[in-house]
Amino acid sequence: CRLVCSCYIQQHPEHFAPFLGIETEDAEKMSKEVKQYCLRDVEPLDREVDQEQVIALTSALGVGVRVQYLDRSEGSLNHHDFPHGEAPTVHLLYRPGHYDLVYA
């Protein structure tokens, strides 16, 4: 999954660069910085998954995912669907710093 995610991010650097703090209009430099990000933060197994990777993986596989956010706020759980508008078939629970698979 990490390699699929990395490939998707590298194929769409213009979409992900702003979320990664990459601020350049130079396409070659942008691609290089996005690749470095993937090698450092996406592909290694000892790295936590961030929202950018969830978006990339769901887009690459064409699978809808609902992330339920478990925090200390009052009321019902907040959620977000990826990609936007896609019916979720996989449900994840996000606790600060960690995702759990709830059901698929």
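The values are calculated or read from the model by the stated rules, or taken from the named source; none is laboratory data. Note that this is a predicted model, so its numbers are computed, not measured. Cβ placement follows ideal geometry from the backbone for every residue including glycine, while neighbour counts extend to all protein chains displayed. Just so you know, the surface numbers come from the protein's heavy atoms only, side chains and all, with ligands and any DNA or RNA stripped out. Shrake-Rupley method; radii C 1.70, N 1.55, O 1.52, S 1.80 Å.
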Of all residues making up region 18-33, the number that are in contact (Cβ under 8 Å) with a residue 12 or more places away in the chain and either touching a Phe, Trp or Tyr at 6+ places or on another chain (Cβ under 6 Å) or not in a helix (DSSP H, G or I) (or both): 2
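Here is a yes/no grid of residues against (1) open to solvent by 40 Å² or more (accessible area, probe 1.4 Å); (2) within 11 Å of the chain's Cα centre (by Cα); (3) among the aliphatic types (A, V, I, L, M):
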| position | (1), (2), (3) |
| --- | --- |
| PHE19 | yes, yes, no |
| GLU28 | yes, no, no |
| VAL34 | no, no, yes |
| ARG40 | yes, no, no |
| GLN51 | yes, yes, no |
| ILE55 | yes, yes, yes |
| GLN68 | yes, no, no |
| GLU74 | yes, no, no |
| HIS80 | yes, no, no |
Residues that are among the hydrophobic types (A, V, I, L, M, F, W, C) and either part of a helix (DSSP H, G or I) or modelled with pLDDT of 95 or more (or both), drawn from region 1-17: LEU3, VAL4, CYS5, CYS7, ILE9, PHE16, ALA17
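Determine whether GLN10 is farther than 20 Å from LEU101 by Cα, surrounded by 12 or more Cβ atoms within 10 Å (Cβ to Cβ), among the polar types (S, T, N, Q) and more than 12 Å from the chain's Cα centre (by Cα). First the steps, then the outcome.
Working: farther than 20 Å from LEU101 by Cα: yes; surrounded by 12 or more Cβ atoms within 10 Å (Cβ to Cβ): yes; among the polar types (S, T, N, Q): yes; more than 12 Å from the chain's Cα centre (by Cα): yes.
For GLN10, the condition - farther than 20 Å from LEU101 by Cα, surrounded by 12 or more Cβ atoms within 10 Å (Cβ to Cβ), among the polar types (S, T, N, Q) and more than 12 Å from the chain's Cα centre (by Cα) - is met.
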Within region 82-98, considering residues that are part of a strand (DSSP E or B) and open to solvent by less than 50 Å² (accessible area, probe 1.4 Å), the one nearest to GLN53 (Cα to Cα): PHE82
